[in-house]
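Chemist: Attaching a single structure in structure tokens format; questions to follow.
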4 protein chains.
Amino acid sequence: MQPVMTIDEVHRFLETDFPQIHTDGRVFTVTEIAPGRASMRLDPSKRHLRPGGTVSGPALFALADVTAYVAVLAHIGPVALAVTTNLNINFLRLPKPRSTTCACTILKLGKRLAVIEAAIFQEDRSELVAHATATYSIPPR
Amino acid sequence: MQPVMTIDEVHRFLETDFPQIHTDGRVFTVTEIAPGRASMRLDPSKRHLRPGGTVSGPALFALADVTAYVAVLAHIGPVALAVTTNLNINFLRLPKPRSTTCACTILKLGKRLAVIEAAIFQEDRSELVAHATATYSIPPR
Amino acid sequence: MQPVMTIDEVHRFLETDFPQIHTDGRVFTVTEIAPGRASMRLDPSKRHLRPGGTVSGPALFALADVTAYVAVLAHIGPVALAVTTNLNINFLRLPKPRSTTCACTILKLGKRLAVIEAAIFQEDRSELVAHATATYSIPPR
Amino acid sequence: MQPVMTIDEVHRFLETDFPQIHTDGRVFTVTEIAPGRASMRLDPSKRHLRPGGTVSGPALFALADVTAYVAVLAHIGPVALAVTTNLNINFLRLPKPRSTTCACTILKLGKRLAVIEAAIFQEDRSELVAHATATYSIPPR
């Protein structure tokens, strides 16, 4: 499973085809693309936080969703638009109000469906704040 | 299973204890509280939409999450803060850029866990745009 | 959404094409086929029970899986073999060692994917013992 | 996260307290217990297979469920009975009719809930046949 896009190419694609992820400023950054994998970082703005100082559930969902999308995109290229069909997320520990990383592993990249695992953590990767699995439907190419 | 809060009481509680759901204006409104049930409506702002004119996945997730939270809150009262531990969502049809309703049914309200089903639709309740099940952990009371 | 097979036709199809569900005797019975719906009953044998007298988790999973499969089969006909791609199940209450019903509702019947909700109960449908959602991949027809 | 039981101790506990997993002979074997992890192997009997020669979905579910249970048991000891509250499984590739391994990683071991990830594979761990996440409720100790 080899990626067909670089981090820069993915960033440019998101810029032109998916500008709404930058509505709140440059909070989402692709940090890694590797065979079968992709990672992104969320630098939360005030809107992603909750009183008491934690990153909100919807912000973690959005991070998992966009990172899994980027993992698929980087491996099939920008020809087709994959859409999320299922996302299951477990919230494990209250995140602190700081940068949060999502590391995605592609479990399956089929003709019609891709299944991705997402580990969401902050400083210590062995202490996940959330974990998700997502399925994307890939249109006929 | 009888609710212990009215729609007005829930709205006032959200206002003071959960103001961040109004960051984008009054887009979330509780529309029904009944035994074992609660519904909310999302009137999407520009930020909840995607190019091509559809309501975004994270917006649907946020709607399911807040409605399930409200369903639990309305039945146990504002004494304890339930937190989402798991949310599984299936995206079924592309929503149109318009008001979207989430109707939640409490499947179980235990001492420690509540499990809620969420049907998300627009005009026609028989054509769901998304469907979710969520688990909330209820702290000791 | 109209079914294209009757209960008898589904039973005959299972008999010839899926005989392994009868390995433990006639424990699975189709009890309803209706537009967008199908129900089955499990009459548990000793192997489906657990000490203390409850129906096992794997038995409830198998009941949800076969009923969702039958719901799809009854609506698309025996031409194509749908396969489960995802099943999410919440265990809500300990079942008693008795007949258990699974009532499935088809949430979406697309060209490539079907999504089904499954409510599993015993005597009282308002007290579910488990709840599941399942996705089936439908091969090109 | 340190295990408090050895493989032998887990096997003896299953023998006396959970004999029904041996109803079909000795098909489930614990193969690894390590900090935060446990693995089991299913040597499928005829009842776990499907025509065409594949391991059935319910057999893979049962393998994920028992392995996740063993992972929790090995880390909290046989004092309390954890029960599955949620299991989400993705079926990725058709398994061959042969030995199948489930490798579980504990993502969280809290006072009330444990969340476990399960990777199910045959010869090649990089080609999963299924992937699951499960939540167990841990009774007060």
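Chemist: Enter the Cα centre distance for the pair the range D:58-90 and the range A:13-73, rounded to the nearest angstrom.
Modeler: 32 Å
Chemist: Now, a different point. Report the rotationally averaged projected area of chain A based on its alpha-carbon convex hull, in square nanometres.
Modeler: Working: hull surface 31.2 nm².
That works out to 7.8 nm², a quarter of the Cα hull's surface.
Chemist: Right, another one. Taking the dipole about the Cα centre of the range B:1-129, with the C-beta of Lys and Arg at +1 and of Asp and Glu at -1, give me whichever of B:Gly52, B:Pro95, B:His22 is farthest to the positive side.
Modeler: Working it through, the farthest residue towards the positive pole turns out to be B:Gly52.
Chemist: Measuring from a point 7 Å out along Cα→Cβ, what nm distances, shortest first, does A:Gly53 have to its partners in the other copies?
Modeler: 4.6, 5.4, 6.1
Chemist: Here's a follow-up. Residue-wise, which Karplus ³J(HN,Hα) couplings in Hz belong to the range C:37-45, taking 6.51 cos²θ - 1.76 cosθ + 1.60, θ = phi - 60°, and x for glycine or proline?
Modeler: Rounded to whole hertz, the list is 9, 7, 10, 9, 10, 9, 9, x, 8.
Chemist: What are the label-to-label distances in nm, one decimal and shortest first, from D:Gly36 to the same spot in the other copies, with labels 7 Å along Cα to Cβ?
Modeler: Reported distances to equivalent positions: 1.9, 4.2, 4.6 nm.
Chemist: Which far-off residues, 5 or more places away or on another chain, put their amide H under 5 Å from the one on D:Leu107, with H placed in the peptide plane?
Modeler: D:Val115, D:Ile116, D:Glu117
Chemist: I'd like the orientation of helix D:57-76 relative to chain D: the angle between its Cα long axis and the longest Cα principal axis, in ° from 0 to 90, rounded to 10.
Modeler: Compared with the principal axis, the helix lies near 20 degrees.
Chemist: Further, regarding this structure: Which ordering of B:Glu117, B:Glu127, D:Glu32 is given by a fewest-first count of other beta-carbon atoms within 10 Å? Display every interim value, and only then the final one.
Modeler: Working: B:Glu117 23, B:Glu127 12, D:Glu32 16.
Listing B:Glu117, B:Glu127, D:Glu32 from fewest to most nearby Cβ atoms yields B:Glu127, D:Glu32, B:Glu117.
Chemist: Between B:Pro78, B:Pro95, B:Pro58, which gets the highest mean-square fluctuation from a Gaussian network model of chain B, Cα cutoff 10 Å?
Modeler: Fluctuation is largest for B:Pro58.
Chemist: Can you list residues whose amide H is under 5 Å from D:Gly77's amide H, if they're 5+ apart or on another chain and H is modeled 1.01 Å from N?
Modeler: D:Val4
Chemist: What's the minimum Cβ distance from chain B to the axis relating it to C, in whole Å, and which residue gives it?
Modeler: B:Asn88, 2
Chemist: Classify the protein assembly as shown from the C-alpha gyration tensor, please: rounded if a/c falls under 1.5, else prolate or oblate depending on whether a/b exceeds b/c. Each step should come with its number before you reach the end.
Modeler: Values: a/c = 1.30, a/b = 1.28, b/c = 1.02.
Rounded shape, in that the Cα axes give a/c under 1.5.
Chemist: What's the magnitude of the charge dipole for the protein assembly as shown around its Cα centre, counting Lys and Arg as +1 and Asp and Glu as -1 at the beta-carbon? Answer in Debye, nearest 20. Don't skip to the answer; put the middle values down first.
Modeler: Working: 60 positive and 48 negative charges, 0 e Å.
It comes to approximately 0 debye.
Chemist: Compute the acute angle (0 to 90°) between the alpha-carbon long axis of helix D:7-17 and the principal axis of greatest extent of the alpha-carbon atoms of chain D; round to the nearest 10°.
Modeler: Helix D:7-17 and the main axis of chain D meet at about 90 degrees.
Chemist: Follow-up. Using the 7 Å Cα-to-Cβ label point, sort the distances from A:Ser99 to its equivalents in the other copies shortest first and give them in nm to one decimal.
Modeler: 4.4, 4.4, 6.2
Chemist: Quick check on chain B: helices-only [θ] at 222 nm, where DSSP H runs of length 4 and up contribute -39,500 (n - 2.57) each and the sum goes over total residues. Nearest 500, please. Can you show the working numbers first?
Modeler: On the way: 2 runs with 31 residues, N = 141.
So the helix-based figure for chain B works out to -7000 deg cm²/dmol.
Chemist: Moving on. Under a crude label model (7 Å from the Cα following the beta-carbon direction), how far is B:Leu94 from C:Thr29 in nanometres?
Modeler: 4.6 nm
Chemist: Quick one: grab the alpha carbon gyration tensor of the range B:32-96, order the square roots of its eigenvalues as a ≥ b ≥ c, and give me rounded if a/c is under 1.5, else prolate or oblate depending on whether a/b is larger than b/c.
Modeler: Details: a/c = 2.39, a/b = 2.09, b/c = 1.14.
Prolate, because a/c is 1.5 or more and a/b exceeds b/c.
Chemist: I would also like to ask the following. From the residues B:Thr105, B:Ala130, B:Ala64, which one has its Cα farthest along the dipole of the range B:7-137 in the positive direction, the dipole being from +1 and -1 charges on Cβ of Lys/Arg and Asp/Glu about the Cα centre?
Modeler: B:Ala130
Chemist: Can I ask one more? Give me the Å³ per residue figure for the convex hull around the C-alpha atoms of the range B:69-141. Could you put the intermediate results ahead of the total?
Modeler: On the way: hull volume 6.5 nm³, N = 73.
Roughly 89 Å³ of hull volume per residue.
Read the figures in this text as sums done on the coordinates, not as results from a lab. Everything quoted here is computed from the prediction, not taken from an experiment. Methodologically, a virtual Cβ is constructed for each residue, glycine included, from the backbone with ideal geometry; neighbour enumeration extends over all protein chains shown.
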